[in-house]
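The structure under discussion appears below in the form of structure tokens.
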Amino acid sequence: MIIQDLVLVERNGRVAAMETSTGETLWEFRSPKGGGYVNLLVDRNLVIAGVNGYIYGLDPKTGDQLWFNELKGYGVGVTSLATLSGSSSQPVVLQAAAADEAAAAASAAAASS
């Protein structure tokens, strides 16, 4: 498998790697902490996943968790990621934050009814 032949998909605290030519799911990762939107950044031979403020370093070939940082004291929410060799898309991060806020507001409204 060549890392460049992967497409990474996020949904509800999960990350999946799919083969671009077949769409076959090669691996899945589910965040043990946090849920909702996952911000992804590929930096060389590492997939960095930000899940509601928790940061995971994943092996792009297997999806295995290589490291974890809870960023204690930073709070929770959509995470913006950047390295010297790449960055997450700011418009995508803003859209995800707005969607999370809308979902939280709808949930709070439903709970108070």
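Give, rounded to the nearest 20 debye, the magnitude of the charge dipole that segment 26-90 has about its Cα centre when Lys and Arg contribute +1 at Cβ and Asp and Glu contribute -1 at Cβ. Show your work: numbers first, answer last.
Details: 5 positive and 5 negative charges, 17 e Å.
So the dipole magnitude of segment 26-90 works out to roughly 80 debye.
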message: Take Ala108 and Thr22, extend 7 Å from each Cα along the Cα→Cβ direction, and tell me the distance between the two endpoints in nm.
response: 4.7
query: Highest mean first, what order results for 70-83, 38-51 on Cβ atoms within 10 Å?
result: 38-51, 70-83
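None of the figures in this text is laboratory data; all of them are computed from the coordinates on show. As the structure is a prediction and not an experimental result, all values here were calculated from the model. Glycine also receives a Cβ, built like all others from the backbone with ideal geometry; neighbour counts cover every protein chain displayed.
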